[in-house]
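Notes to accompany the following structure.
The values are calculated or read from the model by the stated rules, or taken from the named source; none is laboratory data. Since we're looking at a predicted model, the values are computed, not measured. So basically every Cβ, Gly included, is an ideal-geometry build from the backbone, and we count neighbours across all protein chains shown. Protein only, heavy atoms only, side chains kept; ligands, DNA and RNA dropped before computing areas. Shrake-Rupley method; radii C 1.70, N 1.55, O 1.52, S 1.80 Å.
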Amino acid sequence: MRKKKGYRKAKTDNVIVCRCEEITEAEIRAVIRAGYHSLEEIKRILRTGMGHCGGRGCLKVIARLIEEETEIPVSSQKFPTSRPPLKPLPLGLLAGYKNEQGNR
Amino acid sequence: MSRGTADAVVIGGGIIGAATGYYLARQGLKVVLLERAFPCAGSTGRCIGGIRAQFTHDLTIRVMLESIKMFQELDEELGVDIEWYAGGYLFLAFDEQRKQSFLQAIEIQKRYGLKVEFISKEECCRIVPGLNAEGLLGGAWCPTDGQANPFKVTYGYLEGIKRFRGEVLVCQEVKRINVIGGKVVSVVTADGNEFFTPVVLNAAGPWAEDVGKLAGVDVPVKPDRHEALVTEAVERCLEPMLVDYRPDGCYFVQHYGTGHFIGCYTPVPIVPGHNLDASDEFITEMPRRMVRLLPKLALVKVLRHWAGSYEMTPDGNPICSGTPVEGFYVSAGMSGHGFMFGPALGKLMAELIVQGRSTIDLNEFRLDRPWTKAEAMK
Ligand SMILES: Cc1cc2nc3c(=O)[nH]c(=O)nc-3n(C[C@H](O)[C@H](O)[C@H](O)COP(=O)(O)OP(=O)(O)OC[C@H]3O[C@@H](n4cnc5c(N)ncnc54)[C@H](O)[C@@H]3O)c2cc1C
């Protein structure tokens, strides 16, 4: 992350980066420092991106943390596959959809 | 490009490679594990974490009794909470034929001391409050079966390999296995890195056939697609893994640690090949099957839906074996049960490789078997 001159970096260690799973910046940095340098690995260790938002909230921030810690630029990092449904949907609704639509 | 040496090179960073690599390293071997993508990129990261000893093949039952004993103690061994929980497995019988096949299986399982019995419809409903028991004849119930978290277990083993001074290298696809005079000599990756070693283990899961070819060994493992879904976490309301073997049945469990429901089914007909597409069919069909069995789940929301591969052998049992190439071993083709086999088969394969024999004889899982003793409780 490029730092602008004159701005002091805020203390953000305890800031929650992944709100769904309540994972802090410090926890993420610790895993990166332990040698896990990809979004996929961090996801599997900390569950970041596996909650309600499907990673929309946290993945870009984590990518920047990886860039800061390892100098692997965000642009060359691989983002995890987005999984359906885009928005959480109740089982009963999906089941009913099946019944109405027949055997699609 | 670099060159290195190892006492054993393990190909594949799923549960099988991680566990076997760990027990090899614990025996004092210098282990290098090579993973094409990242750990759990294959089937292991896509499985639903069920663990059971309710099988029909004698050797599988014995392996699973050992594995469950190991899961119970794995927190301590690996120094991580693997989220093991003995919530049991309940196999439901909706017709007489299925009931009879469970009764036969229970007879075999009891011979090995498994705590398993056929219970009535009423008892099923007591174990699973809210179960829609319409047409149910009862179920095969084993309270010592359970679940654990595949990521925790696999990463736990990989960290263990490093503690025993081994190496775990990601983004390293094995492209060549050099065999001279019938013996393995070295392994070469896509980046041109070469590792000289007397022992190579093929733990490439659904890709075991391709990796076998690199050493000129035919490994009959074929992938077929299995999809799965996970819901949001809710208050605990289901203890066991529920298995509904009807043609339009499914299996699912509530994760003890987190409260998510996670489940899948085996499609009829099967979808062969390396296929990781998530289908429209599954995302409507699976919820229908889950809600039919447990109507109270109707309001629980689906978070994600994905696909992975079962890695089938001709008889649905694993291949854990030496090969005609000296130093080249295979532990693959777990046929949809590799996560639960991981600890025991990891330890036993390490014994086979280092001592030449294992404390539970794996001969019936050898590569040149006749493939006639099929597993009935897939
Ligand atoms: C939907 C679903 C549900 C399941 N549920 C359960 C369950 O409840 N309980 C259970 O026990 N099992 C379950 N399974 C089965 C289980 O996931 C597999 O049997 C198990 O994960 C196989 O582990 P593995 O280590 O052999 O293979 P994998 O986990 O696939 O690992 C193989 C690894 O090898 C790597 N690789 C391949 N080729 C190369 C190469 N040339 N060089 C380097 N690396 C390479 C791959 O990237 C991969 O990471 C389920 C599977 C699916 C799909």
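Need the failing condition index for residue A:89 against (1) of a type in the set (A, V, I, L, M, F, W, C); (2) under 30 Å from residue B:291 (Cα atoms); (3) out of contact with any helix residue (DSSP H, G or I) (no Cβ under 9 Å at 6 or more places or on another chain); (4) modelled with pLDDT of 95 or more, just the number.
Among (1) of a type in the set (A, V, I, L, M, F, W, C); (2) under 30 Å from residue B:291 (Cα atoms); (3) out of contact with any helix residue (DSSP H, G or I) (no Cβ under 9 Å at 6 or more places or on another chain); (4) modelled with pLDDT of 95 or more, residue A:89 violates only (3).
If I filter region B:234-249 down to residues being within 22 Å of residue B:303 (Cβ to Cβ), of a type in the set (A, V, I, L, M, F, W, C) and surrounded by 19 or more Cβ atoms within 10 Å (Cβ to Cβ), which single residue comes out as farthest from the chain's Cα centre (by Cα)?
B:238
Yes or no: residue B:304 within 24 Å of residue A:84 (Cβ to Cβ) and touching a residue at least 60 places away in the same chain (Cβ under 8 Å)?
yes
Can you pull out the residues in region B:158-203 that are within 12 Å of the ligand (Cβ to nearest atom), within 14 Å of chain A (Cβ to nearest Cβ) and in contact with a helix residue (DSSP H, G or I) (Cβ under 6 Å, 6 or more places away or on another chain)?
B:158, B:168 - these are the residues of region B:158-203 that are within 12 Å of the ligand (Cβ to nearest atom), within 14 Å of chain A (Cβ to nearest Cβ) and in contact with a helix residue (DSSP H, G or I) (Cβ under 6 Å, 6 or more places away or on another chain).
Within region B:280-317, which residues are among the hydrophobic types (A, V, I, L, M, F, W, C), crowded, with 21+ Cβ neighbours inside 10 Å and facing chain A (nearest Cβ under 7 Å)?
Within region B:280-317, B:290, B:291, B:297, B:300, B:302, B:303 meet the criteria.
Give just the number: which of (1) buried (at least 22 other Cβ atoms within 10 Å of the Cβ); (2) within 11 Å of the ligand (Cβ to nearest atom); (3) within 14 Å of chain A (Cβ to nearest Cβ) does residue B:16 not satisfy?
Unmet condition: (3).
Quick check on region B:79-101. Is at least one of its residues within 14 Å of another protein chain (Cβ to nearest Cβ), of a type outside the set (Val, Ile, Thr), farther than 30 Å from residue B:192 by Cα and away from the ligand (no atom under 16 Å from the Cβ)?
Looking for residues that are within 14 Å of another protein chain (Cβ to nearest Cβ), of a type outside the set (Val, Ile, Thr), farther than 30 Å from residue B:192 by Cα and away from the ligand (no atom under 16 Å from the Cβ), one finds at least one in region B:79-101, hence yes.
Within region B:142-165, identify whether any single residue is more than 21 Å from the chain's Cα centre (by Cα) and of a type in the set (Ser, Thr, Tyr), and answer yes or no.
no
I'd like to check which strands (runs of 3 or more DSSP E) are fully inside region B:120-196 and have at least 2 residues that are open to solvent by 70 Å² or more (accessible area, probe 1.4 Å). Lay out the reasoning, then the answer.
Values: elements: B:138-142, B:167-169, B:174-180, B:183-189, B:194-196.
So the answer is B:174-180.
Taking the condition of being of a type in the set (A, V, I, L, M, F, W, C) and open to solvent by 30 Å² or more (accessible area, probe 1.4 Å), how many residues in region B:335-378 meet it?
Number of matching residues: 5.
Collect the residues in region B:318-334 that are open to solvent by 10 Å² or more (accessible area, probe 1.4 Å) and assigned to a loop (DSSP other than H, G, I, E, B), keeping them in residue-number order.
Residues satisfying the conditions are B:323, B:324, B:325, B:327.
Cβ-Cβ distance below 6 Å, separation of 6 or more or different chains: which pairs start in region A:30-41 with a residue that is more than 10 Å from chain B (Cβ to nearest Cβ) and end on one that is of a type in the set (Lys, Arg) and open to solvent by 40 Å² or more (accessible area, probe 1.4 Å)?
Nothing qualifies.
The conditions are (1) open to solvent by less than 10 Å² (accessible area, probe 1.4 Å); (2) away from chain A (no Cβ under 14 Å), and residue B:113 fails exactly one of them. Which is it?
(1)
Return a yes/no flag: does region B:347-357 have any residue that is part of a loop (DSSP other than H, G, I, E, B) and over 30 Å from residue A:55 (Cβ atoms).
Looking through region B:347-357, at least one residue is part of a loop (DSSP other than H, G, I, E, B) and over 30 Å from residue A:55 (Cβ atoms).
From A:76, A:82, grab the single residue that is at the interface with chain B (Cβ under 10 Å from one of its Cβ atoms) and open to solvent by 60 Å² or more (accessible area, probe 1.4 Å).
After applying the criteria, what remains is A:82.
If a residue has to be outside any helix (DSSP H, G or I), open to solvent by 10 Å² or more (accessible area, probe 1.4 Å) and within 11 Å of the ligand (Cβ to nearest atom) to count, how many in region B:204-223 make the cut?
Qualifying residue count, region B:204-223: 2.
Under 8 Å between Cβ atoms, which residue pairs at least 6 apart in sequence (or on different chains) link something in region B:354-378 that is on the phi < 0 side of the Ramachandran plot and among the β-branched types (Val, Ile, Thr) with a partner that is open to solvent by less than 70 Å² (accessible area, probe 1.4 Å) and assigned to a loop (DSSP other than H, G, I, E, B)?
B:354/B:29; B:372/B:315
When you scan region B:252-266, do you find a residue that is surrounded by fewer than 22 Cβ atoms within 10 Å (Cβ to Cβ), touching a Phe, Trp or Tyr at 6+ places or on another chain (Cβ under 6 Å) and more than 11 Å from chain A (Cβ to nearest Cβ), even just one?
For region B:252-266, residues surrounded by fewer than 22 Cβ atoms within 10 Å (Cβ to Cβ), touching a Phe, Trp or Tyr at 6+ places or on another chain (Cβ under 6 Å) and more than 11 Å from chain A (Cβ to nearest Cβ): present.
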